[in-house]
Amino acid sequence: MNVLILCGGKGSRMREESEFKPKPLVEVGGRPVLWHIMKLYAHHGFRDFVLALGYKGNLIKEYFLNYDVLNNDCTIRLGSQQSIEYHDAHEEQDFQVVLADTGADALTGSRVKKAAKYIGGDTFMVTYGDGVSDVNIPQLLAFHRAHGKLATMTTVRPTSRFGLLDVDAEGRILTFAEKPTMDTWANAGFFVFERGVLDYVDDGDLCALEDEPLKRLVQDKQIAAYRHEGFFYAMDTYREYLHLNALWDRGEAQWAVWAKRSAVAHVL
């Protein structure tokens, strides 16, 4: 089953890191956040990836073209008989990665539609290239197959960015909660789609997955919410980049289910 990862955004809210590279290549613990997402899926046995590229997508192509050289010891023979001999075997030996240029300015739905020609089978998964989680992919897929609808969205309870107050009419503060977990549910990506979802996506560059396609799927009762109570964090700002790296450095990267928790900062 294919996993389509949306890798085309410009990351304008974390310009300190994304000015010279696409946001999926911004590093957490010395590895691109994209790598962390792929490792989660691979841990659960899903290793066929389609990357929908956009902003500075050539750098993502270069990353994978050079992956073996950068992650193995090797001997290079120069000259007319140039050859490379690898001396190690990194853990990504059986990853298959389609690098699909979906345009510099295309929105998320348009990227899915353009990259769909590389997807085999009727069921596929889609997620964003900046959100890490410990979501159990086999359980998510089983949930999707059980309800029989066209789409499943993974949802999480967001944490408020602010401390919340309960204030009475006289201005007295009755309760205060510092950045509490909200009662509502939010879109975390980690979708499972049937091919029929593509019929909800308009052609062209201006179709955002989160707009008409998902709204119409809701109206048609063709989407269900998988409620994930575990870890999820989206790296959308420089502050969030620093937070994820701090978690990694402290050995508290809950999303790194492929590694032993006690040694997560030293994985690979």
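The values are calculated or read from the model by the stated rules, or taken from the named source; none is laboratory data. Every value quoted in this text rests on a predicted model; they were computed, and no experiment measured them. Glycine gets a Cβ as well: all are built from the backbone with ideal geometry, and neighbour counts include every protein chain shown.
Here is how the numbers come out for the structure above:
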read-out: Residues satisfying the stated conditions in the range 38-95, i.e. part of a loop (DSSP other than H, G, I, E, B), closer than 18 Å to residue 23 by Cα and of a type outside the set (Ser, Thr, Tyr); value: 54, 56
read-out: From 48, 122, 88, residue being surrounded by fewer than 13 Cβ atoms within 10 Å (Cβ to Cβ), within 30 Å of residue 153 (Cβ to Cβ) and among the charged types (D, E, K, R); value: 122
read-out: Close pairs (9 angstrom Cβ cut-off, 6 or more residues apart or separate chains): loosely packed, with under 13 Cβ neighbours inside 10 Å in the range 55-78, modelled with pLDDT of 95 or more and part of a helix (DSSP H, G or I) anywhere; value: 70/63
read-out: For residue 43: the one exception among (1) closer than 12 Å to residue 7 by Cβ; (2) modelled with pLDDT of 95 or more; value: (1)
read-out: Subset tally (residues that are modelled with pLDDT of 80 or more and surrounded by 19 or more Cβ atoms within 10 Å (Cβ to Cβ)) for the range 1-34; value: 18
read-out: In the range 22-54, the residues that are within 17 Å of residue 141 (Cα to Cα), free of Cβ contacts under 8 Å to residues at least 60 places away in the same chain and among the aromatic types (Phe, Trp, Tyr); value: 49
read-out: Looking only at the range 74-104, and only at residues there that are farther than 24 Å from residue 26 by Cα and of a type in the set (Asp, Glu), the one that is modelled with the highest pLDDT; value: 85
